[in-house]
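One structure is given below, encoded as structure tokens.
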Amino acid sequence: MSYHPTIWRTCRVLANERRLRCLEVVLRQPGLSVGEIAKQVAIPENQASLCLRALQARGLLSARRRSRWVHYFPSPDPLVPAAAHILAVVSQAILTAKWSADRIIHHLTAYTHPRRLTVLHCLLMKDSLTTPVLARETHISWQALTRHLNKLSERKMIVDNDAAWSLHPDRDFFSETFLQLIAQHADLWVRNTMN
């Protein structure tokens, strides 16, 4: 069985305050047990366990059992495409850029739907497209496309230039990383938009 969590599903898991807080604890103190992480995040241990397992399922963390306890490490699964890059950029946002959880979640939600990734991929390939052309190229209904364009525009991923959409010219390290991932891993999510 292939093990390929998609970019949008990984971003959907990360776009959650509790999961991000658990990830931050693991990034700052690798090797803590579930109970120790729960204590630092101030959530029940069973909730911390669910958060950590969700992050592990997306290939962002590894778990090692020692006796009765499970310890977590910020170690991307090599079998999961894009996991290492996503972990690296989220780590940079948390540890180096010191972004708040709200800011990270706001950015991540640009990538939590396969149709938004399809729109971004089209704009990567064609530079600038009108809404009717984007609807035709992406096979997304006008109503759904309008919602996705609005969300991407609110997150400063795209900009409307005289009725034609293009990628926002002022992009930070977070946006640049995800655009590169979208270009490299289109085959892992593009089929989801065509169904």
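Only the coordinates and a few stated rules stand behind these numbers; no lab work does. Values in this document were obtained by computation on a predicted structure and should not be read as measured data. Cβ sites come from the backbone with ideal geometry, for glycine too, and all protein chains shown count toward neighbours.
For the chain, the longest principal axis of the alpha carbon atoms and the long axis of helix 173-184 meet at an angle near 70°. Sort region 113-188 into rounded, prolate or oblate with this rule: let a ≥ b ≥ c be the square roots of the eigenvalues of the Cα gyration tensor; rounded if a/c is under 1.5, and if a/c is not under 1.5, prolate when a/b is larger than b/c, oblate otherwise. Oblate, because a/c is 1.5 or more while a/b does not exceed b/c. When the alpha carbon gyration tensor of the chain is reduced to an equivalent ellipsoid, the three semi-axes, largest first, read 34, 17, 13 Å. Take every Cα pair under 8 Å whose residues are at least 6 apart in sequence, average their separation, divide by the length of region 113-188, and the relative contact order is 37 percent.
Quick check on the exposure proxy: order Leu179, Leu60, Leu55 from fewest to most C-beta atoms within 10 angstrom. Write out the running numbers ahead of the final one.
Values: Leu179 19, Leu60 28, Leu55 24.
The fewest-first ordering by Cβ neighbours comes to Leu179, Leu55, Leu60.
What is the helix-to-structure angle for 45-57, meaning the angle in degrees between its Cα long axis and the longest Cα principal axis of the chain, kept from 0 to 90 and rounded to the nearest 10? Once rounded, one gets 50 degrees. One quarter of the surface of the convex hull around the alpha-carbon atoms of region 1-50 equals 4.2 nm², the direction-averaged projected area. Who wins for biggest fluctuation among Ala83, Ala57, Ala164 in a Gaussian network model of the chain, springs between alpha carbons below 10 Å? Largest GNM mean-square fluctuation: Ala164. For the chain, relative contact order (Cα pairs under 8 Å, six or more residues apart, normalised by length) works out to 23 percent. Short-range pairs are left out: with C-alpha atoms under 8 Å and at least six residues apart, the relative contact order of region 7-99 is 25 percent. In square nanometres, what is one fourth of the surface area of the convex hull spanned by the alpha carbons of region 48-161? Mean projected area for region 48-161: 9.3 nm², to one decimal. Backbone geometry of region 117-129 corresponds, through the Karplus equation with coefficients 6.51, -1.76 and 1.60 at θ = phi - 60°, to 3J(HN,Hα) couplings of 5, 5, 4, 4, 5, 4, 6, 5, 7, 10, 6, 8, 9 Hz, x marking Gly and Pro.
Please compute the net charge surrounding Arg115, taking Lys and Arg as +1 and Asp and Glu as -1 over other residues with Cβ under 11 Å from its Cβ. Its environment carries a net charge of +3.
Taking the helices alone, the chain has a mean residue ellipticity at 222 nm of -16000 deg cm²/dmol, built from -39,500 (n - 2.57) per DSSP H run of at least 4 residues and averaged over all its residues.
Scaled against 2.2 N^0.38 Å for its residue count N, the alpha carbon radius of gyration of region 7-99 is 0.99.
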